[in-house]
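These notes concern the structure reproduced below.
The values are calculated or read from the model by the stated rules, or taken from the named source; none is laboratory data. In this text the structure is predicted, and so the values were computed from the model without any measurement. We place every Cβ from the backbone using ideal geometry, glycine too, and count neighbours over all the protein chains shown. Ligands, DNA and RNA are excluded from the accessible area calculation, which covers all protein heavy atoms including side chains. Shrake-Rupley method; radii C 1.70, N 1.55, O 1.52, S 1.80 Å.
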Amino acid sequence: MGRLRPTRRLPSTLLVIAGAVSLLGLVPLGYIIVSVATTGWSTLAALVFRARVGELLANTGLLVLITVPASIALGVASAWLIERTRLPAGRLFAVLLAAPLAVPAFVSSYGWVSAVPSLNGLWAGVLISTLCYFPLVYLPTAAALKRLDPTIEEAAGALGLGAWAIFFRVVLPQLRLPIVGGALLVGLHQLAEYGAFAMVRFDTFTTAIVQQYQSTFNGPSATALASVLVLCCLVLLVAESAGRGRARYARIGSGVPRATRRRELGRWQLPAMALVVGIVVLALVVPFTSVAHWLVAGGVEAWADDALLQALITTIGYGLIGAFVTLALAFPIAFIAVRRPSRASRALESMNYLTSSLPGIVTALALVTVTIRLVHPLYQTAALVILAYLLMFLPRAIVNLRTGLAQVPEGAEEAARSLGRSPLAAFLTVAVRHIAPSALAGAALVFLAIVTELTSTLLLAPSGTRTLATQFWSRINDIDYVGAAPFALLMILLSLPVTYFLFAREPRFSREPRGNAA
Amino acid sequence: MSQIEIAGLGKSFGGTTVLTDLTLTVPAGSRTVVVGASGSGKTTLLRLLGGFETPDAGSIRIGGRIVAEPGALVPAHERAVGYVSQDGSLFPHLSVGANVGFGLSGRPGEKSVAELLEMVSLDAGLATRRPDQLSGGQQQRVALARALARKPLVMLLDEPFSSLDAGLRAATRDAVAALLEAEGVTTVLVTHDQAEALSFAHQLAVIRDGRLAQVGTPRELYARPADVRTALFLGDAILLPGVISGRAAEASAECALGRVPIGNSHPEGAANVMLRPEQLTVEVDEPRGTGRVESVGFFGAAVVLGIRLNPGSSSESVVRVPHRSLDNPAVGSRVSITVSGTAMAFPTA
């Protein structure tokens, strides 16, 4: 029998990495706080209280206030049609409605501007960003609808409620968490998006900060704008946590819920089809047609661009390295959160969520300033770009790793230990198999985000670095729409399979119970 | 010789005390059952024995060597301890054969997978199946074979039969008991099921709120429980108020069933008198019987008679007594009740 040895609460390397990553995550917010504190009130007031800031605030506010409800309406309506009705070609539409996530918003915007050159201002911003981001509501809502216990709806029916009343009084309240969560993501994307709005000449805080940065590098005025943007972001976070409410939505009762019977659409079939087809046309067909148009116009010569292959390789390289680094550094945080839950570990985890909800432009500004002042050798290096990706996309990896870790049957791991495997060997032989799919999904999400990232890459990438997104953007700035098209296509081709993999991982489209199928 | 010695064991999780000053020895080759309600700390005890937790106080010795004390332990993989959890915890990604062979190291003298499967009365043909293709009982036996492969000194079983249906449960339990006995493996089983505890154990330990309430043979604990709660936990009991008189072997209790000798020492005066229902024999005794049948509950082989004793007197009370269903008395009939054996006297509340 083995030797008696002191017990260790937690592998200390994990703790050190988790702590260090979370502290790094505080850099962007810390930068804003420190610069606001050191700028002095009068300078700051002069920078913030001016007509330009008021205009930006109105623009950004209106954008969020219109886009978020519109995304909720589109997302919930399409999720309900897909999950609860016998919509013709439902399985196909289930995929197509998620597909806009694979098209970067600035590419979609490029497609729209090509199709309708007069498009500009607030309504252009609303149209494009609603079409790009409503899947953030659609996907979680559809998943929640599938998990809802149909007997609750049957009970409501037995209590005398009609179809509409059941939806509004029983179903919709239970969708509160996915709707509110999705709405927060839509809102945060509005605050962070740069390319899509710049393309339609609609000024938000983020576009203004980028312009300011490009003209005066990193003056106090960019920082002042960034601090107001951070404030907007905090308002959204608070609104979301208030919107979540206190009610519990866990299913009461045991066993596996039965699959839901789908509703016949009857005379609503045509309007329902019109809605779904309309969304797909506006969100996918228009941008794709434009890209196709420019590709045809450019012909073979457009593909002779030397930058194309280089940008593709660089983008894939950044995507793979960024995904790997993020996954590796997210692991300690997720492991501690799942295996050693405590108030401290929850605080550690949520610190990282806060950082990633800040717009990328704020993180980029912070990293530029901090590296120039404190660690100059890091400035303008690929490592700094990867660090920015890490801070921005860490939660995507954490959330997925958490889910995977939580699915590991602890009994199996302990069985392996009692059968002679050391804790590490037991984890590797038993747990890793359970975590691998979720880890892969997390890595895929990070990869996807990096491949289509524009704003912070523009600010941080070493000069001469060419990624698909930045090369696309420089063609657009030169009004070379033909030259931009191959880059747009490559970005879409890179992200489509990854998006489909993520979509297909869960059986999002619920099957009907056998014997009930039409 | 004692295989396991647990001394003054204590464990708490985040301010909640789960085990307090728990002391227990398990003789080599025997089966000890720790029985308690859920939340009593029995699973924690098993996890401490398995090496998955470190105690806050006390120590555990296995085979005479300390394996756990505050701040130090021999980790699970270095103890010769087998562990079978409630659901078997088979590795879902491995075949049945690979599960059973998981702990084998390839050294000579080890049993083969086929031999191990045969030991738990499973067909060797199952080796290629996936765990999810087996029934619950088969999964439990595979888990046992997997744990036996390493020839553990000690086998820990965490409610291993609770997921099986009633018919399979007793058969599996007896087979496992026989197998562990034949292999000479010291066994600790935890359960909340008193019938399972009584039938499986050589030594029975009742755990309550993280402390051992009583330790002894199943018969001892059933017939002579230390207190009312243990009595009720281990089976049905009839509790009647009574008055104790006499000392030592002559002590007896006057209660609604008349004068009953008591088997434990209790000061003279008022007491709670406990009898097991099967100590009572009911006979129809018209018209002199002191009891009147009020209800007859039918359970197939047996009936349960609700009998009102001494109606109208100061010692009126109702007892429920099992009786064979062939000749059960009718509701309203007069019966007399004779008591065999001794009663236990406990302090009144």
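Just the residues that are assigned to a loop (DSSP other than H, G, I, E, B), surrounded by 14 or more Cβ atoms within 10 Å (Cβ to Cβ) and within 33 Å of the chain's Cα centre (by Cα), please, taken from the range B:288-330.
Within the range B:288-330, just B:Asn328 meets the criteria.
Just to be sure before I move on: is A:Thr216 out of contact with any Cys (no Cβ under 7 Å at 6 or more places or on another chain), at pLDDT below 85 and assigned by TED's automatic domain parsing to the domain that holds A:Leu62 in the structure I sent?
yes
With A:Phe217, A:Phe205 as the choices, which residue is over 13 Å from A:Leu184 (Cβ atoms) and open to solvent by 60 Å² or more (accessible area, probe 1.4 Å)?
A:Phe217
Counting only residues that are touching a Phe, Trp or Tyr at 6+ places or on another chain (Cβ under 6 Å) and in a helix (DSSP H, G or I), how many does the range A:409-427 have?
So the count comes out to 3.
So the check is Cβ under 7 Å with 6+ separation or different chains; which pairs have a first residue in the range A:438-452 that's in the same structural domain as A:Ala382 (by TED's automatic domain parsing) and a second one that's not in a helix (DSSP H, G or I)?
A:Thr452/A:Pro104
Please state which one of B:Thr16, B:Thr32 is surrounded by 19 or more Cβ atoms within 10 Å (Cβ to Cβ) and more than 9 Å from chain A (Cβ to nearest Cβ).
None of the other options fit; the residue is B:Thr32.
When the residues of the range A:407-438 are filtered to those that are buried (at least 21 other Cβ atoms within 10 Å of the Cβ) and closer than 27 Å to A:Met392 by Cα, which remaining residue is nearest to the other protein chains (Cβ to nearest Cβ)?
In this case the residue turns out to be A:Ile435.
Residue-wise test of (1) at pLDDT 90 or above; (2) crowded, with 16+ Cβ neighbours inside 10 Å; (3) of a type in the set (Val, Ile, Thr); (4) closer than 30 Å to A:Pro173 by Cα.
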| site | (1), (2), (3), (4) |
| --- | --- |
| A:Ala242 | no, no, no, yes |
| A:Ile252 | no, no, yes, yes |
| A:Leu284 | yes, yes, no, no |
| A:Val291 | yes, yes, yes, no |
| A:Glu301 | no, no, no, no |
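Which members of the range B:101-116 meet the condition of being open to solvent by less than 50 Å² (accessible area, probe 1.4 Å) and either within 8 Å of chain A (Cβ to nearest Cβ) or of a type in the set (D, E, K, R) (or both)?
B:Phe102, B:Gly103
Please return the ranges of strands (runs of 3 or more DSSP E) entirely within the range B:183-267 where 2 or more residues are under 28 Å from B:Ser336 (Cα atoms) and open to solvent by 10 Å² or more (accessible area, probe 1.4 Å).
B:238-245, B:252-255, B:258-261
Go through the range A:347-381 and report how many residues are surrounded by 24 or more Cβ atoms within 10 Å (Cβ to Cβ) and assigned to a loop (DSSP other than H, G, I, E, B).
2
This table checks each residue for (1) in contact (Cβ under 8 Å) with a residue 24 or more places away in the chain; (2) under 22 Å from A:Phe288 (Cβ atoms); (3) open to solvent by 20 Å² or more (accessible area, probe 1.4 Å).
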position: A:Ala124; (1), (2), (3): yes, yes, no
position: A:Ile128; (1), (2), (3): yes, yes, no
position: A:Trp164; (1), (2), (3): no, no, yes
position: A:Gln174; (1), (2), (3): yes, no, yes
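Between A:Ala441, A:Ala484, which is farther than 22 Å from A:His189 by Cα and out of contact with any His (no Cβ under 6 Å at 6 or more places or on another chain)?
A:Ala484
Looking at A:Leu270, A:Leu308, A:Leu320, can you tell me which residue is under 29 Å from the mean Cα position of the chain (by Cα) and at pLDDT below 95?
Result of the check over A:Leu270, A:Leu308, A:Leu320: A:Leu308.
Output the number of residues of the range A:451-508 satisfying the condition of being out of contact with any Pro (no Cβ under 9 Å at 6 or more places or on another chain), in a helix (DSSP H, G or I) and surrounded by fewer than 18 Cβ atoms within 10 Å (Cβ to Cβ).
So the answer is 9.
In this structure, is A:Ala431 in the same structural domain as A:Leu348 (by TED's automatic domain parsing) and touching a His at 6+ places or on another chain (Cβ under 9 Å)?
no
B:Pro131 is checked against (1) more than 7 Å from every other protein chain (Cβ to nearest Cβ); (2) open to solvent by 20 Å² or more (accessible area, probe 1.4 Å); (3) in contact with a helix residue (DSSP H, G or I) (Cβ under 7 Å, 6 or more places away or on another chain) and fails just one. What number does that condition carry?
Single failed check for B:Pro131: (2).
Of everything in the range B:140-152 that's in a helix (DSSP H, G or I) and within 12 Å of chain A (Cβ to nearest Cβ), which residue is surrounded by the fewest Cβ atoms within 10 Å (Cβ to Cβ)?
Restricting to residues being in a helix (DSSP H, G or I) and within 12 Å of chain A (Cβ to nearest Cβ), the top hit is B:Leu148.
So in the range A:1-55, with the set limited to residues that are part of a loop (DSSP other than H, G, I, E, B), open to solvent by less than 80 Å² (accessible area, probe 1.4 Å) and farther than 26 Å from A:Leu329 by Cβ, which one is farthest from the other protein chains (Cβ to nearest Cβ)?
A:Gly40
Name every residue in the range B:153-168 that is surrounded by fewer than 18 Cβ atoms within 10 Å (Cβ to Cβ) and under 17 Å from the mean Cα position of the chain (by Cα), in order of residue number.
B:Ser162, B:Ser163, B:Ala166
Filter the range B:44-100 down to the residues that are open to solvent by less than 20 Å² (accessible area, probe 1.4 Å), at the interface with chain A (Cβ under 10 Å from one of its Cβ atoms), within 22 Å of B:Lys11 (Cβ to Cβ) and assigned to a helix (DSSP H, G or I) and list them by number.
B:Gly50, B:Ala76
Could you please tell me which pairs satisfy a Cβ distance under 9 Å, a separation of 6+ or placement on different chains, a first residue in the range A:323-342 that is part of a helix (DSSP H, G or I) and open to solvent by less than 50 Å² (accessible area, probe 1.4 Å), and a second residue that is aromatic (Phe, Trp, Tyr) and modelled with pLDDT of 90 or more?
A:Ala323/A:Tyr389; A:Ala323/A:Phe393; A:Ala323/A:Phe447; A:Val325/A:Tyr389; A:Thr326/A:Tyr389; A:Thr326/A:Phe393
Can you say whether B:Thr32 is at pLDDT below 95 and not charged (D, E, K, R), as far as the supplied structure shows?
no
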